[in-house]
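The values are calculated or read from the model by the stated rules, or taken from the named source; none is laboratory data. Source: prediction; values computed, not measured. Note that we place each Cβ from the backbone using ideal geometry, even for glycine, and neighbour counts take in every protein chain shown. Note: accessible area is taken over every heavy atom of the protein model, side chains too, but ligands, DNA and RNA are not part of it. Shrake-Rupley method; radii C 1.70, N 1.55, O 1.52, S 1.80 Å.
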Amino acid sequence: MHDASAAIVVDGMVVAAAEEERFSRRKHHVGFPAGAIRYCLEESGASIKDVDVVALSWRPWVLGTRVMNALKSVSFSRKAFQAKASRGMGQMGNEWYELFVMKRLIKQHFGSLTGKIHYLDHHLCHAVSAFYVSPFEKAAALTVDGAGEDNTTVFWTCEGTEMKRIAAIKIPHSLGQFYAAITGFLGFKIQSDEYKVMGMTPYGKPVYADFFRNEVFDFCKDGTFRMKKRFLDYHLARQGMFLPETIKVLGKNRLPDEEVTNNHMDIAKSAQVVLEEVLFHMANHLHRETRTDTLCLAGGVALNCVANGKLYDNTPFRRIFVQPAAGDAGTSVGAALYAYHRYNREPRKYQMRDAYLGPSYSHQECVGALNEFGLSYRELLTKEELCSTIAAVLSEGKLVCWFQGRMEWGPRALGNRSLLADPRRAEMRDIINLKVKHREPFRPFAPSVLEEKSYDYFGNPIPSPFMLFAFKVNPNRQKDIPAVTHVDGTARPQTVKKEANPLYWNLIKEFENRTGVPVLLNTSFNVQEPIVCSPKDAVACFLKTKVDYLVLNNLLIEQPSNTPT
């Protein structure tokens, strides 16, 4: 389906995982993940005949609630019914159909499958993807997204390999679809650009929060919520259409090429505030039910790092885990792990201590890509020379595309497919937007910080290795890292542990030795495309920018336009 991915589990360990978009080069790839499956098999040294079980994170025949929801929409809007019906028929003819013919698709690409195929509940796979890879033996879990087969939110209690469902919320009551519809109203792409809305929120005022809080949501005593009126229809929003009631309250919806106004920022702020309140309401109830201070989060809403960071101040949970691909891509890990433990009845032994589950590339492959583009390079022979050289050019205000080791799992660049810069220079935000990203100026850039120095800069209550929590930058440190401090004084740090990524840790350490600041500005290595995967992707992307340097493993390449003639 959308955000298609594959993961492979061997003897209880996640050996490889990757999103299909990195291979197809189509963002949020929809459909059979042939490239990701091929990579997972190659990385594990297996063929399709070695696979015992293929597990899918969706049961396409569970349609009752969706059909009833579509039929009910006739009562308030014929257009809404048509939008839901059109969306459902499209999925049945494409994504859901592919699920039914999975064995045929696998045979077409990889040969005959001798193992079994299992279809698993979508929210179960979300929950397993977080809890099974967490450091906790026992935890509460909350899975919140747009919608699974029929559920939008599920409350869980988890212990060992047992997952017990406590309560569930069904469509159309969806926190994820509410935020997605707001994303569409603000002129951005649904199921893609929700992070842009999150980035806008500090610039606005919550002027519509009371309306959303009182007229759209109903906070139930059992810890759940209901959406009280047909104010924002998700399926209409996907088609750029909005109900007259919506426009009467919020004003005219923004078109993609229109200016972002203060009112748009106020809408974003209001939606974020109420999303957080609903999330805290559910999490507090879950804590009362489970009496544990550990929480696992998954589902698309778990990618809202602003809300995640506030859970510590607004709920009793003290230890919180979110795996790096918390959205739908991550369910492939959940499906594979659940199938493994279901059949083997063994205790869990895998922890996701880092996100480096994608492909790596050899020296010869990097040289081959450079030769293909006719680029010269300098080889840095030792790790010390590499880190010293790159730390020096970063401290001088240069931009560096940094390509190392195995690609990250999830939507964040975490030091292996990253664009790096000096966080001390406030002008870096504008420079990167001008030279590379060509993106909205309100969107922040993130810091990578040595884990042992992170509390001094961010006061974070836990490590944040996957860049999924926003914290306040300590007031006495904001002047040191202005390029990664958002307008509201927050940042979304990646805490870098030496054992998880020694080369990246050493680079940041060398930068600290030169500047006194153990932080680098880290944004994804891409330009309006999926994050780069291969050396060829990296070189092609680099040449489209005005970035000063590219590093492919230990090869240093200067931007040709900067090379003296």
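Can you compute the FRET efficiency between Thr382 and Lys472 using 1/(1 + (r/R0)^6), with r the Cβ-Cβ distance and R0 = 45 Å? Round to the nearest 0.05.
Once rounded, the FRET efficiency stands at 0.70.
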| task | Quick one: grab Rg to one decimal and Dmax as a whole number for region 418-479, Cα atoms only, in Å. | result | 12.8, 35
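Rounded to the nearest 0.05, what FRET efficiency do Arg25 and Tyr195 have when you use their Cβ-Cβ distance and R0 = 22 Å?
On the way: r = 20 Å, r/R0 = 0.91.
Efficiency, rounded to the nearest 0.05: 0.65.
What GluC sites (Glu not before Pro) does region 216-296 have in DSSP loop regions with at most 13 other beta carbons within 10 Å? Walk me through the numbers before you get to the answer.
Numbers: sites: Glu245, Glu258, Glu259, Glu276, Glu277, Glu289; in loops: Glu258, Glu259.
Answer by residue number: Glu258, Glu259.
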| said: For a quick check: with amide H placed at 1.01 Å from N, whose amide H comes under 5 Å from Leu450's, ignoring anything fewer than 5 positions away on the same chain? | reply: Val496
| region 203-249: Rg to Rh, with Rh as the Kirkwood radius over Cα pairs | 1.03
| query | Percent relative contact order of region 388-535, based on C-alpha pairs within less than 8 angstrom and at least six residues apart? | reply | 33
| request: Give, as a single signed number, the net charge of other residues whose beta carbon lies under 9 Å from the beta carbon of Asn433, with Lys and Arg counted +1 and Asp and Glu -1. | output: +3
| Near the amide H of Val54, under 5 Å away, which other amide H atoms are found, from residues 5 or more places off or on another chain, if H is placed in the peptide plane? | Lys116, Ile117, His118
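Can you tell me the accessible area per residue over the chain, all protein chains present, probe 1.4 angstrom, in square angstrom? List each step's numbers first, then the result.
On the way: 22700 Å² over 565 residues.
For the chain, the per-residue accessible area is 40 Å².
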| request: Leaving ligands, DNA and RNA out of it, work out the accessible area of Asp430 with a 1.4 Å probe and give it in Å² to the nearest 10. | output: 110
| request: State the Cα centre-to-centre distance between region 176-210 and region 482-517 in whole Å. | output: 29
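What does the charge add up to near Gln272, with Lys and Arg as +1, Asp and Glu as -1, over the other residues with Cβ less than 15 Å from its Cβ? Present the calculation step by step, with values, prior to reporting the outcome.
Working: positive: Lys196, Lys205, Arg213, Lys269, Lys310, Arg443, Arg492; negative: Asp193, Glu194, Asp210, Asp266, Glu276, Glu277, Asp488.
Computed value for this residue: 0.
For region 370-471, which trypsin sites (Lys or Arg not before Pro) are both in a DSSP coil and crowded by at most 10 other Cβ atoms within 10 Å? Before the final figure, lay out each step's value.
Numbers: sites: Arg378, Lys383, Lys398, Arg406, Arg412, Arg417, Arg424, Arg425, Arg429, Lys435, Lys437, Arg439, Lys453; in loops: Lys398, Arg406, Arg412, Arg424, Arg425, Arg439.
Passing both the DSSP loop test and the Cβ count: no residue.
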| Assigned charges on the beta-carbon of Lys, Arg, Asp, Glu; the chain dipole about Cα centre (debye) | 1280
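Tell me, what is the percent relative contact order of region 120-266, built from C-alpha pairs under 8 Å that lie six or more residues apart?
19
What does the charge add up to near Arg59, with Lys and Arg as +1, Asp and Glu as -1, over the other residues with Cβ less than 9 Å from its Cβ?
Working: positive: none; negative: Asp121, Glu149.
After counting each charged neighbour, the total is -2.
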| field | Radius of gyration, Dmax [the chain; alpha carbons; angstrom] | value | 23.2, 72
| field | Options Asn553, Leu232, Leu419, ranked by Cα towards positive dipole end of the chain, top entry (Cβ charges) | value | Leu232
| task | Go through Ser448, Phe466, Ala336 and say which Cα lies farthest out towards the positive end of the charge dipole of the chain; charges sit on Cβ, +1 for Lys and Arg, -1 for Asp and Glu. | result | Ala336
| note | Simple spin-label estimate for Thr261/Ser561, 7 Å along Cα→Cβ, in nm, reads 3.6
| said: Give the separation of the Cα centroids, region 394-440 to region 247-269, in Å. | reply: 30
| Dimensions of region 389-494 along principal axes (Cα, Å, largest first)? | 32, 31, 29
| remark: Per the 1/(1 + (r/R0)^6) rule, R0 = 25 Å and r from the Cβ atoms of Lys252 and Asp210, FRET efficiency to 0.05 is 0.75
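If you average 1/r over all unlike Cα pairs in region 260-341 and invert the result, what Kirkwood radius do you get in angstrom?
On the way: mean 1/r = 0.0699 Å⁻¹.
Result for region 260-341 stands at 14.3 Å.
Given 0.36 nm per residue, what is the gain on full extension from Arg443 to Glu159 after removing their alpha carbon distance, in nm?
Numbers: separation 284, 0.36 × 284 = 102.24 nm, distance 3.87 nm.
Here the answer is 98.4 nm.
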| query | How big is the gap, in Å, between the Cα center of region 354-378 and the Cα center of region 18-52? | reply | 20
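I need the shape label for region 455-547. Rule: rounded when a/c is under 1.5, else prolate if a/b > b/c, else oblate, with a, b, c from the alpha carbon gyration tensor. If you can, show how the numbers build up before the last one.
Details: a/c = 1.82, a/b = 1.60, b/c = 1.14.
Prolate, since a/c reaches 1.5 and a/b exceeds b/c.
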| query | With θ set to phi - 60° and the Karplus curve 6.51 cos²θ - 1.76 cosθ + 1.60, what are the ³J(HN,Hα) couplings of region 480-489 in order, to the nearest whole Hz, using x for Gly and Pro? | reply | 7, 9, x, 5, 10, 9, 6, 4, 8, x
| remark: Here P(r) for region 180-333, Cα-Cα distances in 5 Å bins, as whole percents, is 2, 9, 16, 20, 21, 16, 10, 5, 2, 0
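Based solely on its DSSP helices, what 222 nm [θ] is calculated for the chain when runs of n ≥ 4 H residues each add -39,500 (n - 2.57) and the sum is averaged over all residues, nearest 500 deg cm²/dmol? Each step should come with its number before you reach the end.
On the way: 20 runs with 204 residues, N = 565.
My calculation for the chain gives -10500 deg cm²/dmol from helical runs alone.
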| said: Only sites in a loop by DSSP and with at most 14 other Cβ atoms within 10 Å count here; which trypsin sites (Lys or Arg not before Pro) in region 272-323 make the cut? | reply: Arg291, Arg318
| said: Nearest 5 percent is fine: what portion of the DSSP beta bridges confined to the chain is antiparallel? | reply: 70
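Tell me, what % of the accessible area of region 302-407 is carbon and sulfur with a 1.4 angstrom probe?
Details: 2040 of 4410 Å².
On region 302-407, the fraction of accessible area on carbon and sulfur atoms equals 46 percent.
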